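The values are calculated or read from the model by the stated rules, or taken from the named source; none is laboratory data. Here the structure is a predicted model, which means the values were calculated and not measured. All Cβ positions, even for glycine, are placed from backbone atoms using ideal geometry, and neighbour counts span all protein chains on display. Areas reflect the complete protein model, heavy atoms only, side chains present, ligands, DNA and RNA absent. Shrake-Rupley method; radii C 1.70, N 1.55, O 1.52, S 1.80 Å.
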Amino acid sequence: MKTLVTTVLAAMLFAGACTTGASSDSVPEIDDGTRAELAARAFTRACMDVICAGAPIYAPDSTPDAVREEILAFTDEVEYLDEDQTEQKADANGRFPDGAVMIRVRTVHGTERDGVVAVDVGLSRGPHDFVGRTYLFVWDGAQWNDTSADAVDVTTTSAVS
């Protein structure tokens, strides 16, 4: 009986050591390429959330080249604007015509949970019409997957002006 318990315990320990599930040890450092990919994926998710298809899509001219390249996998219809151009695009009511949306992605940052990172995104329909959202990604042991705050039990906040 003692041998059986020892064998079962050893097998459980061995199986636990061989699992490929995500753990804080297995979460990779986020390099520049991954940072650009996740920012572009957050850009895409934000665009789909506000149904930007068929409308002009703007982004700040300060958007890094690596993020721009990743956004090209989603669309080549983004117009990059500086501050003056952004103001010029707005009508007398301070809104962009034709349902245009400005999407500003911020940098990737950690959350209170290992293996979950966030990208804050600003969405605006004009220079003074802003909504901020946070898009989350979870490491599954092999890749970063889109996720939600509820699915990973992470607190996010939104901003509206």
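Whenever a residue of segment 32-60 is closer than 20 Å to Phe130 by Cα, its partners that are part of a helix (DSSP H, G or I) and among the hydrophobic types (A, V, I, L, M, F, W, C), lying with C-beta atoms within less than 7 angstrom and at least six residues away or across chains, give the pairs Ala39/Val67; Ala40/Val67; Ala40/Ile71; Phe43/Ile71; Ile57/Cys47.
Inside segment 38-55, residues that are crowded, with 16+ Cβ neighbours inside 10 Å, assigned to a loop (DSSP other than H, G, I, E, B) and β-branched (Val, Ile, Thr) make up a count of 1. Is it the case that segment 7-23 has a residue that's modelled with pLDDT under 95, under 15 Å from the mean Cα position of the chain (by Cα) and surrounded by 10 or more Cβ atoms within 10 Å (Cβ to Cβ)? Checked against the condition, which is being modelled with pLDDT under 95, under 15 Å from the mean Cα position of the chain (by Cα) and surrounded by 10 or more Cβ atoms within 10 Å (Cβ to Cβ), segment 7-23 yields no hits at all.
Is it the case that some residue within segment 96-105 is under 14 Å from Glu37 (Cα atoms), in contact (Cβ under 8 Å) with a residue 40 or more places away in the chain and under 14 Å from the mean Cα position of the chain (by Cα)? Yes - at least one qualifying residue is present in segment 96-105. The set of residues in segment 88-108 being outside any strand (DSSP E or B), under 19 Å from Ala46 (Cα atoms) and in contact with a helix residue (DSSP H, G or I) (Cβ under 6 Å, 6 or more places away or on another chain) consists of Phe96 alone. Restricting attention to segment 88-130, the residues that are within 21 Å of Asp49 (Cβ to Cβ) and open to solvent by 100 Å² or more (accessible area, probe 1.4 Å) add up to 4. How about segment 131-146: which of its residues are β-branched (Val, Ile, Thr) and surrounded by fewer than 18 Cβ atoms within 10 Å (Cβ to Cβ)? Once the filter is applied, which keeps residues that are β-branched (Val, Ile, Thr) and surrounded by fewer than 18 Cβ atoms within 10 Å (Cβ to Cβ), segment 131-146 yields only Val131. Only a single item in (1) in a strand (DSSP E or B); (2) open to solvent by 10 Å² or more (accessible area, probe 1.4 Å); (3) not hydrophobic (A, V, I, L, M, F, W, C) is not met by Gln85, and it is number (1).
Tyr58 meets each of the listed conditions (1) surrounded by fewer than 10 Cβ atoms within 10 Å (Cβ to Cβ); (2) at pLDDT 95 or above; (3) of a type in the set (Phe, Trp, Tyr) apart from (1).
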